[in-house]
Amino acid sequence: MPRMTMIEAIRSAMDVSMERDDRVVVFGEDVGYFGGVFRCTQGLQQKYGRTRCFDAPISESGIVGAAIGMAAYGLKPCVEIQFADYMYPAYDQLTQEAARLRYRSNHQFTCPMVVRMPTGGGIFGGQTHSQSPEALFTHVCGLKVVVPSTPYDAKGLLVASIEDPDPVIFLEPKRLYNGPFDGHHDRPVTPWAGHPAADVPEGHFIVPLGEAATARPGSAVTIVTYGTMVHVAIAAAEETGIDAEVIDLRTLLPLDLEAIIRSVKKTGRCLVLHEATLTSGFGAELAALVQEHCFYNLEGPVARVAGWDTPYPHAQEWDYFPGPARVGQALKDMMEA
Amino acid sequence: MPLSDRLSLHVPEPEVRPGGKPDFSKVDIPEAGSVRRPPEDAEAETMRDLAYSIIRVLNPEGEAVGPWAGSLTEEEILTGLRHMMMLRAFDQRMLMAQRQGKTSFYMQHLGEEAISCAFQRALKPGDMNFPTYRQAGLLIAGDYPMVDMMNQIYSNDADPLKGRQLPVLYSARSHGFFSVSGNLGTQYIQAVGWAMASAIRQGTEIASAWIGDGSTAASDFHAALVFASTYRAPVILNIVNNQWAISTFQGIARGGSGTFAARGLGFGIPALRVDGNDYLAVHAASLWAANRARRNGGPTLIEHVTYRAGAHSTSDDPSAYRPKEESSAWPLGDPILRLKNHLIVRGLWSEDRHRQLEAEIRDEVIAAQKEAERHGTLHAGGKPSARDMFEDVYAEMPPHLKRQRQQAGV
């Protein structure tokens, strides 16, 4: 089986989808001839022609608005927003148009579309290339929200997203593009090559939306997380020796609540972890659900570790980032409580 | 322009406010028939003058004159009159229904009937309009059943949209009428995307975008013009300039550019400016743009110059911000009267037949209304089920919505 980075896996997902279905079109800023600033669409224009993969003007509302029209026509657009931080001009189109078209038209018109966007920090991107806006999407009924943590999942989830009949926000943790980053920024970069989830089939397969994965089985505490933080959580468990079970949500909406409940009922403790800012983050929803469904199984309060409630700073990136030390400390505190 | 050593902010004001005497002397209105008709394959830069003029066909005597005349047969013109009269009668009944508490809200077309009614007749089956809330003539002229429009307005148990949308935000895919959003401007770029899709698939269908003068200020308008220009999308970009965006006069959105049509010029998009109260002119200009788009000639921007003779909506009182007499002073007249006179001049129509048709249409509208009211009105009779509220958020209902529907007990 070929070894792929997450970039290659994402590219392969679009390639396979464009090959199988000529209604799939790909466009966005710099995605055509050049193949995208992260190279996720490299070679697609060459292979499928300029009318299936092309450059768009720098207008996020234009990119998403045009994609909505195309989806209503019957195409399956898979568009790229260059950084999740750039999606705000398109937020109106995403939340009030794409998300509600099926509902408000009584399914006369639908919006099968994927909006890919690199998310999260860890690349010294500063406040405009590091944000994690997933909670701004999970709060919107009508959207689905996906965050992969491995090349295998990235491909399978992206193919499933393109085939989904509804609009999907596909957040790509950019720090994972080239390797399974565990938060130890001071250590040499680990490439995907040695990782089992870098074995990605070349052909068509899907990872169904709405199904979480157990990234690390354990018995002492459940860490509910997604994206880059999956790898940080595993590192924190290994380093503290606390036998945490790491639930990789993979899809935030629809949420695999059963997987969370199953694990928390088993371990009796729950840590919710994300890189996005803490207040009103998706972790708040997770914590609420866990107490609602697992209250009598809990040995202690649900804990949250997240990015601080500040803009993502440049020089202080690693003070901001909820790395393995912070996660490890939280685990220890929970076990002592 | 007088220069000064001191800065001051310019905030435009309309010529007159309530209490003042309406004055449209600054609206430059060319004679009917005086504006040239370029060939449908003309290069955009050879027809820039059309963005600053007004295409008109009907002259004060009621004759159809000039190079834009003759796009419709006698039969089609009679049908056009009927459509506009139906729309006006429909509006009157629904305004009354709103006052009677049968629905929450209504928006009428008074004075603007020609635009959507004539435009629709320039399209073909398979084409798609992305309308605003003031283009119901697209449905009427497309023979969409009035009773279904009323069912939507009443949010009753036969509402095609199951009570999910505000009154008049129709959706009718079968009739080339995209779901009206209610957020302004957003659908302009969607129409361009739809048109791009048709071109990607090498189809034959074209799209039509609709926006008002006020919403041309929205960023989506500019995104739409960039995309339409860049990809030469088969789309007609309509601007309905009815002079008023609720209480805000068109000068606030237009700024110093002279006309809204001129917005197209910077993008290399051919721009037509048309008398929106002249059914024949609207049809001829729309057909020019539709033919051009369908033959891969790309987008055309059309500014329909008109006047919103009624209130913005049933929640609006225009006497608070403009003179009451302004609508009767509007120099382009009433679209129904003008087409009626034209038909009389041609010997195809008479006052008697007009009165007779008015009565017929009134009966037709009342019959449709009775039928709709059998299915309920907003606060009485049949209504969509609360269970329906949870459907169609997604193609397949996710577990959390199933739980919530269960909690709701519906």
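Throughout, read-outs are computed from the coordinates displayed, never taken from laboratory work. Predicted model only: the values in this text are computed from it and were never measured. Note that each Cβ is placed from the backbone with ideal geometry, even for glycine, and that neighbours are counted across all protein chains shown.
Run the paramagnetic zone check for B:E325: 7 angstrom along Cα to Cβ, then residues of region B:5-44 with backbone nitrogen under 18 Å.
From region B:5-44, the list is B:15-27.
By the gyration tensor of its Cα atoms, with a ≥ b ≥ c the square roots of the eigenvalues, what is the shape of chain B: rounded for a/c under 1.5, prolate for a/b over b/c, or oblate?
On the way: a/c = 1.42, a/b = 1.27, b/c = 1.12.
In terms of gyration-tensor shape, rounded.
Classify chain A from the C-alpha gyration tensor, please: rounded if a/c falls under 1.5, else prolate or oblate depending on whether a/b exceeds b/c. All intermediate terms of the calculation are to be shown ahead of the outcome.
Details: a/c = 1.76, a/b = 1.52, b/c = 1.16.
Prolate is the answer for chain A, as a/c is 1.5 or above and a/b outweighs b/c.
Taking Cα centroids, how far is region A:1-67 from region B:195-254 in Å?
Rounded to whole Å, the Cα centres lie 27 Å apart.
Please give the length that would be gained between B:R374 and B:Q404 if that part of the chain were fully extended, namely 0.36 nm times their separation in residues minus their C-alpha to C-alpha distance (nm, one decimal). If you can, show how the numbers build up before the last one.
Details: separation 30, 0.36 × 30 = 10.80 nm, distance 3.16 nm.
Going from the current span to full extension adds 7.6 nm.
Treating the angle as unsigned and between 0 and 90°, give the value, to the nearest 10°, between the Cα long axis of helix A:60-73 and the longest Cα principal axis of chain A.
Long axis of A:60-73 versus the principal axis of chain A: about 70 degrees.
Nearest 10 degrees, 0 to 90: what angle lies between the long axis of helix A:151-163 and the longest principal axis of chain A (Cα atoms)?
With rounding to tens, the tilt is 50 degrees.
Per residue, what volume in Å³ does the convex hull of the Cα atoms of region A:6-198 enclose? Mind dumping the intermediate values first?
Working: hull volume 21.2 nm³, N = 193.
So the per-residue Cα hull volume is 110 Å³.
Subtract the Cα-Cα distance of A:I123 and A:A284 from 0.36 nm times their separation in residues, and report this length gain in nm to one decimal. Write down the numbers at each step before the final one.
On the way: separation 161, 0.36 × 161 = 57.96 nm, distance 2.62 nm.
Here the answer is 55.3 nm.
Let me check I have the definition right: for region B:299-366, take the eigenvalues of the Cα gyration tensor, multiply each by 5, take square roots. What are those semi-axes in whole Å, largest first?
They are 28, 19, 14 Å, listed largest first.
Need the full-extension length gain, B:V11 to B:E63, defined as separation in residues times 0.36 nm minus the C-alpha distance. One decimal, nm.
On the way: separation 52, 0.36 × 52 = 18.72 nm, distance 4.13 nm.
Computed gain between B:V11 and B:E63 is 14.6 nm.
What residue among B:N291, B:L343, B:G276 has its Cα farthest toward the positive end of the dipole of region B:275-351, where the charges are +1 on Lys, Arg and -1 on Asp, Glu, each on the Cβ?
B:N291
Which helices count as membrane-span-like in chain B under these terms: full DSSP H, at least 27 Å along the axis by C-alpha, Kyte-Doolittle mean of -1.0 or more?
Numbers: long enough: B:74-99 (38 Å, -0.30); B:351-374 (35 Å, -1.50).
For chain B, where a helix must reach 27 Å along its axis and average at least -1.0, the hits are B:74-99.
What FRET efficiency comes out for the pair A:E202/A:E258, r = Cβ-Cβ distance, R0 = 35 Å, nearest 0.05?
0.65
For region A:213-336, treating each Cα as an identical point scatterer without solvent, what Debye log10 I(q)/I(0) comes out at q = 0.10, 0.14 1/Å?
-0.26, -0.52
Once R0 is set to 22 Å, what does the formula 1/(1 + (r/R0)^6) return for the Cβ-Cβ distance between A:Q46 and A:R3, expressed as a FRET efficiency to the nearest 0.05? Could the numbers behind the result be given before it?
Numbers: r = 23 Å, r/R0 = 1.05.
The calculated FRET efficiency here is 0.45.
Cut-off is 10 Å between beta-carbons; in what order do A:W318, B:W210 appear when sorted fewest neighbours first? List each step's numbers first, then the result.
Numbers: A:W318 16, B:W210 27.
Fewest-to-most Cβ neighbours within 10 Å comes out as A:W318, B:W210.
Using a Förster distance of 56 angstrom, determine the FRET efficiency expected from the C-beta separation of B:E74 and A:Y296, and round it to 0.05. Working shown, then result.
On the way: r = 81 Å, r/R0 = 1.45.
Efficiency, from the Cβ-Cβ distance: 0.10.
Over region A:1-43, one equal point on each Cα, no solvent: what is log10 I(q)/I(0) by the Debye formula at q = 0.20, 0.31, 0.34 Å⁻¹?
Debye curve over Cα of region A:1-43, log10 I(q)/I(0) at q = 0.20, 0.31, 0.34 Å⁻¹: -0.62, -1.12, -1.18.
Using a cut-off of 9 Å between beta-carbons, work out the net charge of the residues near A:L44 (Lys and Arg +1, Asp and Glu -1, A:L44 not included). Mind dumping the intermediate values first?
Values: positive: A:R11, A:K47, A:R52; negative: A:D15.
Computed value for this residue: +2.
Please report, in debye to the nearest 20, how large the charge dipole of region A:213-336 is about its Cα centre when each Lys and Arg carries +1 at its beta carbon and each Asp and Glu carries -1 there. List each step's numbers first, then the result.
Details: 9 positive and 16 negative charges, 51 e Å.
Here the size comes out at about 240 debye.
Assign one of three labels to region B:107-232, namely rounded, prolate or oblate, based on the Cα gyration tensor with a ≥ b ≥ c the square roots of its eigenvalues; rounded applies when a/c is under 1.5, prolate when it is not and a/b is larger than b/c, and oblate otherwise. The partial results should precede the final answer.
Values: a/c = 1.73, a/b = 1.46, b/c = 1.18.
In terms of gyration-tensor shape, prolate.
If you count, for every residue in B:180-190, the Cβ atoms of partner chains within 10 Å of its Cβ, what is the mean? Before the final figure, lay out the partial values.
Values: counts 2, 6, 3, 5, 0, 3, 7, 5, 3, 12, 16.
Per-residue shielding by partner chains comes out at 6.
Obtain the nm distance between the two label points defined at A:Y91 and A:D21 by a simple spin-label model: each point lies 7 Å from its Cα along the Cα-to-C-beta direction.
Using points 7 Å along Cα→Cβ, the separation is 2.9 nm.
For region B:334-390 and region A:204-222, write down the distance between their C-alpha centroids in whole Å.
First find each Cα centre; the distance between them is then 59 Å.
What percent of all Cα-Cα pairs in region A:34-125 falls into each 5 Å bin, going from 0 up to the bin containing the maximum distance?
Calculated P(r), rounded to whole percents: 3, 13, 22, 23, 18, 12, 7, 2, 1.
What whole-number value in cubic angstrom gives the convex hull volume per residue for the C-alpha atoms of region A:96-247? Before the final figure, lay out the partial values.
Values: hull volume 19.5 nm³, N = 152.
It comes to 128 Å³ per residue, whole-number rounded.
How large is log10 I(q)/I(0) at q = 0.08 Å⁻¹ when the Debye formula is applied to the Cα atoms of the protein assembly as shown, each weighted equally and without solvent?
-0.72
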